[in-house]
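Some notes on the structure that comes next.
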Amino acid sequence: MSKGALSTTRLNRMHDLMASYVERGTAPGLITLISRRGQTEVDVIGKQAIAGEPMQRDTIFRISSMTKPITAAATMILIEECKLRLDEPVDRLLPELANRQVLKRLDGPIDDTVPANRSITVRDLLTFTPGFGLLLADPRHYPVAAAAKERGVVLLPPSPKNHLAADEWIAQFGTMPLMHQPGEQWMYGTGSKLLSVLIARATGQSFESFLQERIFGPLGMKDTSFVVPAGKLDRLSTAYWTNAADGSLIFADGPADSEWSEPPPFEDGGAGLVSTIDDYHAFGQMMLGKGTLGNERILSRPSVELMMSDQLTPAQKAASVMGFGVFDREGWGFGGSVVTRRDQIAHSIGTYGWFGGFGTAWYADPKEEMTTILMTQASIASPQARALSLDFSTSAYQSIDD
């Protein structure tokens, strides 16, 4: 049987599969959302915490790297208003990034450098090609990784309360050499953090207030923020790390004394936001609607199309040492991945989106006019957690009924 765009029978099949992951303890609970051509289906399963309260549709999740597409959209607002330009150097607003030095060798001493060939641009930050990013390697073998950790430039795992304030963080970043020449290769993450500071300086207001004024308020995203106020803490899910060996859950952060219960010293556009499934659906529908939701226009159609287009050259992809495997079938737009080769049921060519390290994922598929969102509170460090996310994507697409 079918309601139209999605098959009821196949949605029930997806529910049973998702519930089996909760029953096995892969995550205490989860929420799924599929929206296609006017039909939206939401499924709420399990609990907000192990032995906790039942999961609710308005449960709040730490969306981690799903913050990045929102930061990119905020940047595009300022580009449309000519307050920023894609190919201008960021030095005007981020003088800490002027006159960069670049390592001669990635594993070499941090003072063994050459001058950068050019300045870092806004485009570099959006495409994650500023020459600096996450290096998943033993710091003992990479002095630049050790120095980044020591100076608070890279903070893993995410810890809002322990993050340096924005001006202090970028001052410390300014003491670091780049790992690669600007524009040379894709490196994950740092571009979004730098955009947080850039947007605040370009607007003369906090990053949070700009997001609330220009994106969250107009889209009705009432629970999306860098902080969970006291009156909403009962809706904040408990977050867990997953043991990579056996998939067991390890407490990471809960409503009581949560790191997200106080305004952070750094409003991190890379991984700092919390949100709900309906809030993020509003953002996703805006992107799928080419910049509009209802009567609200956040961005122009050309801006959204640019964001959702693969921006990386073959040379940038080939040089990248860490791509999460995405470059086999995906490229990178502004703040999110873009599917470039279809080799599985899920995700048409042109699908745009990204996932969060605490077990969330969002994708917008223009061809199918479809948005999919998964919210869990267990990190993707284990094979079981990654299988959950993959099975959600497959199950969402097998439910298409035309």
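The values are calculated or read from the model by the stated rules, or taken from the named source; none is laboratory data. Since this is a predicted model, take the numbers as computed values, not measurements. Counting neighbours? That spans all protein chains shown, and the Cβs are built from the backbone with ideal geometry, glycine included.
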So is Ser348 modelled with pLDDT of 95 or more, in a helix (DSSP H, G or I) and of a type in the set (Ser, Thr, Tyr) or not?
-> no
Could you please find all residues in the stretch 386-402 being over 11 Å from Ser35 (Cα atoms) and either of a type in the set (Val, Ile, Thr) or surrounded by 24 or more Cβ atoms within 10 Å (Cβ to Cβ) (or both)?
-> Leu388, Thr394
With respect to Gly254, is the statement that it is within 20 Å of Gly46 (Cβ to Cβ), among the small types (Gly, Ala, Ser) and modelled with pLDDT under 95 true?
-> no
Condition met for Asp279 (of a type in the set (Asp, Glu) and at pLDDT below 95) | no
Considering Arg85, Arg57, which residue is farther than 29 Å from Ala148 by Cα, at pLDDT 95 or above and among the basic types (Lys, Arg)?
-> Arg57
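A quick yes/no check of all residues on (1) modelled with pLDDT of 95 or more; (2) assigned to a helix (DSSP H, G or I); (3) touching a Cys at 6+ places or on another chain (Cβ under 6 Å):
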site	(1), (2), (3)
Leu126	yes, yes, no
Leu136	no, no, no
His141	no, no, no
Ala146	no, yes, no
Leu156	no, no, no
Trp169	yes, yes, no
Could you count how many residues in the stretch 29-49 are out of contact with any helix residue (DSSP H, G or I) (no Cβ under 7 Å at 6 or more places or on another chain) and in contact (Cβ under 8 Å) with a residue 60 or more places away in the chain?
-> 5
Taking the stated definitions as given, is Asp43 acidic (Asp, Glu), farther than 30 Å from Ser119 by Cβ and under 23 Å from the mean Cα position of the chain (by Cα)?
-> yes
Determine if the stretch 84-100 includes at least one residue that is touching a residue at least 24 places away in the same chain (Cβ under 8 Å), surrounded by 14 or more Cβ atoms within 10 Å (Cβ to Cβ) and under 19 Å from Phe392 (Cβ atoms).
-> no
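In the list Val321, Val304, Val339, which residue meets the criterion of being at pLDDT below 95 and of a type in the set (Val, Ile, Thr)?
Of Val321, Val304, Val339, the one residue that is at pLDDT below 95 and of a type in the set (Val, Ile, Thr) is Val321.
Here is a yes/no grid of residues against (1) without any contact (Cβ under 8 Å) to a residue 24 or more places away in the chain; (2) among the charged types (D, E, K, R); (3) touching a helix residue (DSSP H, G or I) at 6+ places or on another chain (Cβ under 8 Å); (4) under 25 Å from Arg386 (Cα atoms):
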| site | (1), (2), (3), (4) |
| --- | --- |
| Ile199 | no, no, yes, no |
| Ala230 | no, no, no, no |
| Leu273 | no, no, yes, yes |
| Met287 | no, no, yes, no |
| Arg297 | yes, yes, no, no |
Look through Leu211, Leu155 and report the one residue that is free of Cβ contacts under 8 Å to residues at least 40 places away in the same chain, surrounded by 15 or more Cβ atoms within 10 Å (Cβ to Cβ) and within 17 Å of the chain's Cα centre (by Cα).
-> Leu155
Is there a residue in the stretch 370-378 that is within 30 Å of Leu155 (Cα to Cα), of a type outside the set (Ser, Thr, Tyr) and not in a strand (DSSP E or B)?
-> yes
Say we look at the stretch 241-278 and pick out the residues that are in a strand (DSSP E or B) and within 18 Å of the chain's Cα centre (by Cα); which of these is surrounded by the most Cβ atoms within 10 Å (Cβ to Cβ)?
-> Ser275
Which listed residue is crowded, with 20+ Cβ neighbours inside 10 Å, touching an Asp or Glu at 6+ places or on another chain (Cβ under 7 Å) and among the aliphatic types (A, V, I, L, M), from Val304, Val339 = Val339
Residue in the stretch 19-51 that is surrounded by the fewest Cβ atoms within 10 Å (Cβ to Cβ), counting only those that are among the small types (Gly, Ala, Ser), touching a strand residue (DSSP E or B) at 6+ places or on another chain (Cβ under 9 Å) and under 20 Å from Asp253 (Cα atoms) = Gly25
Among what's in the stretch 388-402 and is over 19 Å from Gly356 (Cα atoms) and out of contact with any strand residue (DSSP E or B) (no Cβ under 7 Å at 6 or more places or on another chain), pick the residue that is modelled with the lowest pLDDT.
-> Asp402
